[in-house]
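The values are calculated or read from the model by the stated rules, or taken from the named source; none is laboratory data. These figures come from a predicted structure and were not determined experimentally. A quick note on method: Cβ atoms are made from the backbone with ideal geometry, for glycine too, and the neighbour counts reach across all protein chains shown. Protein only, heavy atoms only, side chains kept; ligands, DNA and RNA dropped before computing areas. Shrake-Rupley method; radii C 1.70, N 1.55, O 1.52, S 1.80 Å.
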Amino acid sequence: MRTTSPDRIEVRRSRVEVDLNRDRDGHVYRSADECWGLEVWHRSPLDEGVAERSRAVHDEFYEQLGVLLDPIAKHGPFVQFDCHSYNHRRDGDGADAVPEARAENPDVNVGTGSLDREYFGHVVEAFIDSMSKATIDGRPLDVRENVKFKGANLARWAHERYPGVSCVLTLEFKKTFMDGWTDTPDDAHIEALTEALRDTVNPVMTALAGFTTPRMLS
């Protein structure tokens, strides 16, 4: 989805080294118990010195994010697409794992757990309405809010730093666009998702257009 926006942040580090979408106290997976039962380190728990280096990366990321967003926030409310993906085939034997039920696994989960939904609700609805109109693999996209995930640290950080200004939509794309076990992508599906996401920009910006100043919070 590289062509959706000219302004983007790409993180090229493993989340088991530093999970930027968790808070500072919980973003380092020091043992298998904190990493879905996976043994990712030669020695467990992870050495404290190594963990501290990961904390420094976490601190630097949010410091630089503030440098990027502070000037934007001065101009009034803005929208962030916080994009992730999730595996809906966790149970079973690798590539033969059976997909989990669609009822609990939308194609696109829109996380708004820390968002001021009363204030920014029409922006959320504009996004969902637009994204739901896309048809991929012969059926409309299933786009729902807070079914699988509600968003995590990045959204919470932005909403606390820019109250009434930042509107973060945490987007979790179900891995129907690839095989999450073999890492085999479906390029046509990815391009269709990219186009659908790109088509949400104008409706979202139209919904945001009525805001000129931050909400006055009590």
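Some observations on this one:
- Label-point separation in nm, ALA188 to ARG90, each point 7 Å along Cα→Cβ: 3.1 nm
- Split the accessible area of the chain by element, probe 1.4 Å, and carbon with sulfur accounts for 51%.
- 25 Å Cα-Cα reach of LYS133 towards lysines, excluding residues that sit fewer than 8 places from it in its own chain: LYS148, LYS150, LYS174, LYS175
- In order along the stretch 51-65, the phi-based Karplus estimate (6.51 cos²θ - 1.76 cosθ + 1.60, θ = phi - 60°) of 3J(HN,Hα) comes to 4, 5, 5, 5, 5, 5, 5, 4, 4, 5, 4, 6, 5, 5, 5 Hz; Gly and Pro are listed as x.
- Amide H partners (placed H, <5 Å) of GLY111, local residues excluded: ASN146, THR170, LEU171, GLU172
- At a probe radius of 1.4 angstrom, the accessible area of the stretch 27-72 per residue rounds to 63 square angstrom.
- Antiparallel content of DSSP bridges confined to the chain, in %, to 5: 40 percent
- Length-normalised contact order of the stretch 1-52 in % [C-alpha pairs under 8 Å, at least 6 apart]: 24 percent
- Spatial offset of the stretch 1-74 relative to the stretch 140-164 amounts to 18 Å, using the alpha carbon center of each.
- Built amide H within the under 5 Å cut-off of MET178, gap 5+: ASP186
- Working from label points 7 Å from Cα in the Cα-to-Cβ sense, the GLU118 to GLU104 distance is 3.2 nm.
- Extension gain for GLU125-ASP137 works out to 1.9 nm (0.36 nm per residue, less the C-alpha to C-alpha distance).
- Length-normalised contact order for the chain - Cα pairs under 8 Å, 6+ apart - percent: 26 percent
- Solvent-accessible heavy-atom area per residue, rounded to whole Å², over the stretch 95-218 at 1.4 Å: 50 Å²
- Gyration tensor (alpha-carbon) shape descriptor, the stretch 165-211, a/c threshold 1.5: oblate
- Most fluctuating residue given options PHE61, PHE81, PHE149, as computed from a GNM of the chain linking Cα atoms under 10 Å: PHE61
- Taking a point 7 Å out from the Cα of ASP25 in the direction of its Cβ, the residues of the stretch 155-177 whose backbone N falls within less than 20 Å of it are 155-161.
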